[in-house]
1. Give S64, S94, S69 a once-over and let me know the one that is at pLDDT 95 or above, part of a strand (DSSP E or B) and small (G, A, S).
2. Give me the pairs, please: first residue somewhere in the stretch 104-126 and among the acidic types (D, E), second residue anywhere and surrounded by fewer than 21 Cβ atoms within 10 Å (Cβ to Cβ) and assigned to a strand (DSSP E or B), beta-carbon distance under 9 Å, and either six or more positions apart or on two chains.
3. Return yes or no: is K79 open to solvent by 50 Å² or more (accessible area, probe 1.4 Å) and under 24 Å from L132 (Cβ atoms)?
4. Can you pull out the strands (runs of 3 or more DSSP E) entirely within the stretch 100-187 that have at least 1 residues that are buried (at least 16 other Cβ atoms within 10 Å of the Cβ) and over 15 Å from the mean Cα position of the chain (by Cα)?
Amino acid sequence: MKTEPTFPNTIKTVEELREITGNPSELVNNKVISYVDEHCRDFIEKSPFLTISTADEFGLCDVSPRGDSAGFVHVMNDKQLIIPERPGNKRMDSMRNILSNPNVGLLFLIPGLGETLRINGKASVIHDEELLDKMAVNGKKPLLGIGVEVEECFIHCAKAFRRSELWNPEVWANKEGLPKGAKILAAHAKVPNADEEAIGKLLEKSYRENLY
């Protein structure tokens, strides 16, 4: 489902792109490996947060966050990972996409560290009691998991984090001035008798009682 770009002066070929950006260095070209080595495993074991990108059969994309205690992603071996699926809003966007298009991209973050770990591969929806038992928290195991067959692993540089100063609390905005999730959800969903205050209470109750 390809649509024509509507922005002016868009780049349409890789050749045009390279004329502007130039080519990657030998270091960048050679940094990709096809398996989880000891360095990648160490990074994953110290990461409490990742994003997973998926696309449906038409190529329509989605990115979703996953987070838990550091090391929540289970490294089975040098080619396979399992991400536990904790309770959420039951939209199951990522899993529905995986069922029709297994290609996924993962971005692992470690708080305070500028470099990130990128992993690309093929995913499956896992419902294996023995594997899921290993990822139980507070006696509650995930109902499902996302298994990833690793095809590419590589470190991404820290420039985005340096520019954004994401880990620098001195530049963080005052919390009172930040967007409010409950307010946005109330405006978008327009559910009867569900104003910002009511939705805020529902969210807080869910955060307290349904993390696992």
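The values are calculated or read from the model by the stated rules, or taken from the named source; none is laboratory data. These numbers were taken from a predicted model, which means no experiment stands behind them. Backbone-built Cβ (ideal geometry, glycine too); neighbour counts: all protein chains shown. Remember, those area values only see protein heavy atoms, side chains included, never the ligands or the DNA or RNA. Shrake-Rupley method; radii C 1.70, N 1.55, O 1.52, S 1.80 Å.
1. Matching residue, one of S64, S94, S69: S64.
2. From residues that are among the acidic types (D, E), the pairs are E115/I155; E115/H156.
3. For K79, the condition - open to solvent by 50 Å² or more (accessible area, probe 1.4 Å) and under 24 Å from L132 (Cβ atoms) - is met.
4. So the answer is 116-126, 144-156.
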